1. Of all the residues that make up region B:1-58, how many are touching a helix residue (DSSP H, G or I) at 6+ places or on another chain (Cβ under 9 Å) and part of a helix (DSSP H, G or I)?
2. What are the pairs, 6+ residues apart or on separate chains, where a residue within region A:305-333 that is more than 14 Å from chain B (Cβ to nearest Cβ) has its Cβ under 7 Å from a residue that is assigned to a loop (DSSP other than H, G, I, E, B) and among the small types (Gly, Ala, Ser)?
3. Which residues, counting only those in region A:103-124, are among the β-branched types (Val, Ile, Thr), more than 15 Å from ligand 1 (Cβ to nearest atom) and within 14 Å of chain B (Cβ to nearest Cβ)?
4. What about A:ALA152, is it away from chain B (no Cβ under 14 Å), of a type in the set (A, V, I, L, M, F, W, C) and more than 15 Å from ligand 1 (Cβ to nearest atom)?
5. Taking the condition of being part of a helix (DSSP H, G or I) and among the basic types (Lys, Arg), how many residues in region A:93-144 meet it?
6. Considering region B:67-95 alone, what residues qualify as being within 14 Å of another protein chain (Cβ to nearest Cβ) and charged (D, E, K, R)?
7. Could you please let me know if A:ALA286 is within 16 Å of ligand 1 (Cβ to nearest atom), among the hydrophobic types (A, V, I, L, M, F, W, C) and open to solvent by 40 Å² or more (accessible area, probe 1.4 Å)?
8. In region A:155-174, which residues are more than 14 Å from every other protein chain (Cβ to nearest Cβ) and part of a helix (DSSP H, G or I)?
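The values are calculated or read from the model by the stated rules, or taken from the named source; none is laboratory data. As the structure is a prediction and not an experimental result, all values here were calculated from the model. Using ideal geometry, Cβ is built from the backbone for each residue, glycine included, and neighbour counts are taken over all protein chains shown. For the accessible areas, the whole protein counts, side chains as well, though only heavy atoms, and no ligand, DNA or RNA atoms are used. Shrake-Rupley method; radii C 1.70, N 1.55, O 1.52, S 1.80 Å.
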Amino acid sequence: MTLVRSGDHVARREALADPVARYERMYEIRRFEERVNDLFAQGLIHGTTHLCAGQEALDVSLALELRATDIVTATYRGHGIALALGMPATDVLAEIMGKADGCTGGVGGSMHLCEPDVGLLPTFAIVGAGLPVAAGAALAFQTRGEDRVAVAVFGDGAANIGAFHEALNLAAVWKLPVVFVCDNNVYAEYSRIDLTTPLTDLHRRAGSYDIPGVPVDGMDVDATRAVLREAVSRARAGEGPTLVEAKTYRFAGHSRADQATYRPEGELERWRERDPLVLARAALVAGGAATEDDLAGLEKAVDEDLDAVAEAVAAGPDPTPAAMFRNIWAVAA
Amino acid sequence: MARIRVRQAIASALSDAMREDESVLIFGEDIAAAEGPFKTSEGLLAEFGPLRVRDTPISEMGFVGAAVGAAAVGMRPVAEIMFMEFLGVALDQLVTEAAKFRYLSNGRVGVPLVVRASVGSGLGFGTQHSQTLENWLGATPGLKVAVPSDAQTAYGLLRSAIRDPDPVVVLEPRVLYAERGECVTGDAGIVPLGVARVPREGDALTVVALGQTVRAALAAAERIDAGIEVIDLSTVTPWDRETVLASVAKTGRLVTVEEAPASGGWGAEIVATVTTAAFRSLQAPPFRITAPDVPVPYNKALEARFSPGIGEIEHQLTTYLRTGEVPDPWWLREGVAA
Ligand SMILES: Cc1ncc(C[n+]2csc(CCOP(=O)(O)OP(=O)(O)O)c2C)c(N)n1
Ligand SMILES: [Mg+2]
């Protein structure tokens, strides 16, 4: 099996056409997040991080259904999307560790990943901010007659902020080639969704803008992929936006400090039975695409790869103070 | 006197205010059941119940606007903005609505609301969660803006803000939440708005600091020990001209220390006012120590250099006292930026 774990962004993206590679990427994302958590505990990461464990199927299926020329706006919970879209683990981890080789040179950190080569705009740390921006990218594609789409990925909590409603309405009335992907992982920070909105089936909000709203089991990579495919092709065909609601679960706390003690007893365990990795792995074996041994070997290779990445990144250079003065304007004042 | 953390001082101010006045209510994201992302509302839901202590959706425009409406009809809401940047999506309600009601009602409708927001760099939260941004608000007649620098001022300024008849924004340096300090509570602990404090007296140089830079300025002054007077501005709008001018009349020298980028900072306002009003008492050009005109960088070492620290302040003040000339900031001295 030849799978792409590092190197060229676009090759990493294209590898996802293979279902085994999709599992591999999901596994890589999960292990990557575990490492980030460990590095944090060791004091090697500064500030905060928001882990995406439980949401790998959505990230990978999105990457699969988009082209590298499409545009994605995502959030502070963006490590998985960045890896799925094709960024090598080195670029992402180096940024999270504030290193000179990170994707912003170490000035952005965990919440601000960016890779124009795979269509990822700088990820947004302000809830909801990415939705109108995706609509704007779509507006540009429509104006120029380009065969490109934009996708905004955001959480359930973002559906309560004005930007969500304004962006959906704009996109609907102008029939923009954009897909709004709500990652409904049940919580916004420490609040369960039903404490902050009475309409918890968020895809139904689409009705207010007279656009399709589609729920999907976000733990199932194939189901998610099928729904995204439909939404993306609608956008490409000029039929306008879709609101996709992927039902997922946030396995980790909101951010590094959060032990998630507010979860009802047994809830996490119930969702873990539907762990997207477990489901994807079982489906591959059952369908004969790979054997247990194949997958165990692949997992071991990913683990070793991540060991090497973590070691190399930790040894990499820090930015010099000059880095904070760069890229304020195109031409320095 | 109890030594408590700044976040506890804030929770005490909120609970004392709620006990004193039934019209005080608080809301914000995860402030009730979770007792605040920074634990600044510990115990409040349990004591005052869900009508007065409310968790909100992620809807800053909605709940800051709700604070305006509730205040306009007689409540004293305290809305929490978790990180100052999130006020961006609610700015209209504060600047264009709340701050104008008294003016537009011929004095008949006041808006006694408080917005609390955590501000500042130093904890690795990155570019979109580390600014102080008091300059978003300073040019808005009708608003008051206070910035505590320790447990006592966190308690006392917030109590004053809640009692104030007009909209007040309290910007809390996030890096201080876990710091302990002495704190008198109750009426004796109230710190008036618009009055600067003078935590260190001296007759050679006036240093005006705010929020997080107060302790750095005090520590630098301690090291230099050459008659440096440190003023904690405490309220940035409207600021205490009297105290600053009286100090400069005595020292003949003025330096401001700001955590924010130089352009548009409050120090410019102070230097301009003092230069105009006290030109003849100045023995050397007043100047500002600020962060560079850059976004707050994430990397830990870079972030530490962004905000003027003790070493940088010490260097600047020592050079200034010795030469009478305005020293270059570190990025010019080190040739890092032009
Ligand atoms: C405008 C704004 N308000 C508040 C926050 C603080 N905040 C960051 S993440 C978050 C929860 C978001 O929940 P959700 O949209 O469900 O996304 P998730 O974190 O679950 O991926 C909050 C309240 C913010 N970043 N921006
Ligand atoms: Mg969520």
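1. Residues meeting the conditions: 18.
2. Pairs that qualify, where the first residue is more than 14 Å from chain B (Cβ to nearest Cβ) and the partner is assigned to a loop (DSSP other than H, G, I, E, B) and among the small types (Gly, Ala, Ser), are A:ASP305/A:SER6.
3. Let us first name the residues in region A:103-124 that are among the β-branched types (Val, Ile, Thr), namely A:104, A:107, A:118, A:123.
With the extra rule that they be more than 15 Å from ligand 1 (Cβ to nearest atom), the set shrinks to A:104, A:107, A:118.
Within region A:103-124, A:THR104, A:VAL107 qualify.
4. Values: away from chain B (no Cβ under 14 Å): yes; of a type in the set (A, V, I, L, M, F, W, C): yes; more than 15 Å from ligand 1 (Cβ to nearest atom): no.
No; evaluated as a whole, the condition is false for this residue.
5. First, the residues of region A:93-144 that are part of a helix (DSSP H, G or I): A:93-96, A:116-118, A:130-144.
Right, trim to among the basic types (Lys, Arg) and you get A:144.
Count: 1.
6. Pass one, region B:67-95, residues within 14 Å of another protein chain (Cβ to nearest Cβ): B:80-93.
Matches in region B:67-95: B:GLU80, B:GLU85, B:ASP92.
7. Working: within 16 Å of ligand 1 (Cβ to nearest atom): no; among the hydrophobic types (A, V, I, L, M, F, W, C): yes; open to solvent by 40 Å² or more (accessible area, probe 1.4 Å): yes.
For A:ALA286, the condition - within 16 Å of ligand 1 (Cβ to nearest atom), among the hydrophobic types (A, V, I, L, M, F, W, C) and open to solvent by 40 Å² or more (accessible area, probe 1.4 Å) - is not met.
8. Answer for region A:155-174, where residues must be more than 14 Å from every other protein chain (Cβ to nearest Cβ) and part of a helix (DSSP H, G or I): A:LEU168, A:ASN169, A:LEU170, A:ALA171, A:ALA172, A:VAL173.
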